[in-house]
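Q: Handing you a structure now.
The values are calculated or read from the model by the stated rules, or taken from the named source; none is laboratory data. Remember, predicted model here, so these are calculated numbers, not experimental data. Reconstructed Cβ throughout: ideal geometry from the backbone, glycine too, with neighbour counts over all protein chains shown.
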Amino acid sequence: MERILQVFKFGIVGFIGMAVDFAITWLFKEKFKVNKYLANACGFIFAVSNNYLINRIWTFKSTHTNWEEEFLKFLIVSLVGLGLNTLIIYLIHQRKEGVNFYIAKLIAIVIVFIWNYTINSLFTFN
């Protein structure tokens, strides 16, 4: 039961991170007039930082004193997840008669969610 609750919390944190990502990207792109790709990278960095802090405290209740190393692990897992997400969308959507982009994105989100949770629980917050 505790593992199911942990997965649920991880999902909630992911939704919060998505909101942070979109908000920061919008702020930097629309209000600060930053290049859209740089604004997107800023959104990603803020979201990863936010997700790390909430997951550390709430989801995994980490007590590791070396939080810098833990954050670096979380960042690496997140970057690999971003790469996997992009690759999965590309492979599913770009086939000769590929799946709709948003269906491909949904499939990628589910797969990467499983990846992120599993690796973070085994590697980052173990």
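Q: Is it the case that the range 118-125 has a residue that's modelled with pLDDT of 95 or more, surrounded by 13 or more Cβ atoms within 10 Å (Cβ to Cβ) and either among the aliphatic types (A, V, I, L, M) or more than 19 Å from Q6 (Cβ to Cβ) (or both)?
A: Yes - at least one qualifying residue is present in the range 118-125.
Q: Given the conditions (1) in contact (Cβ under 8 Å) with a residue 60 or more places away in the chain; (2) surrounded by fewer than 18 Cβ atoms within 10 Å (Cβ to Cβ), report the number of the one that L53 does not fulfil.
A: Here L53 meets the rest and fails (1).
Q: Any residue in the range 1-29 that is without any contact (Cβ under 8 Å) to a residue 12 or more places away in the chain sitting within a Cβ distance under 6 Å of a residue that is surrounded by fewer than 18 Cβ atoms within 10 Å (Cβ to Cβ) and in a helix (DSSP H, G or I)? List the pairs, counting only those 6 or more apart or interchain.
A: Taking only residues 6 or more apart or on different chains, the pairs are K29/K36.
Q: Separate question: Tally up the residues in the range 3-25 that are touching a Gly at 6+ places or on another chain (Cβ under 8 Å), hydrophobic (A, V, I, L, M, F, W, C) and more than 17 Å from I57 (Cβ to Cβ), please.
A: The total comes to 3.
For (1) of a type in the set (F, W, Y); (2) in contact with a Phe, Trp or Tyr (Cβ under 7 Å, 6 or more places away or on another chain); (3) closer than 21 Å to A19 by Cβ, each residue gets a yes or a no:
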{"position": "N51", "(1), (2), (3)": "no, no, yes"}
{"position": "K61", "(1), (2), (3)": "no, no, no"}
{"position": "L75", "(1), (2), (3)": "no, no, yes"}
{"position": "L91", "(1), (2), (3)": "no, no, no"}
{"position": "R95", "(1), (2), (3)": "no, no, no"}
{"position": "F113", "(1), (2), (3)": "yes, no, yes"}
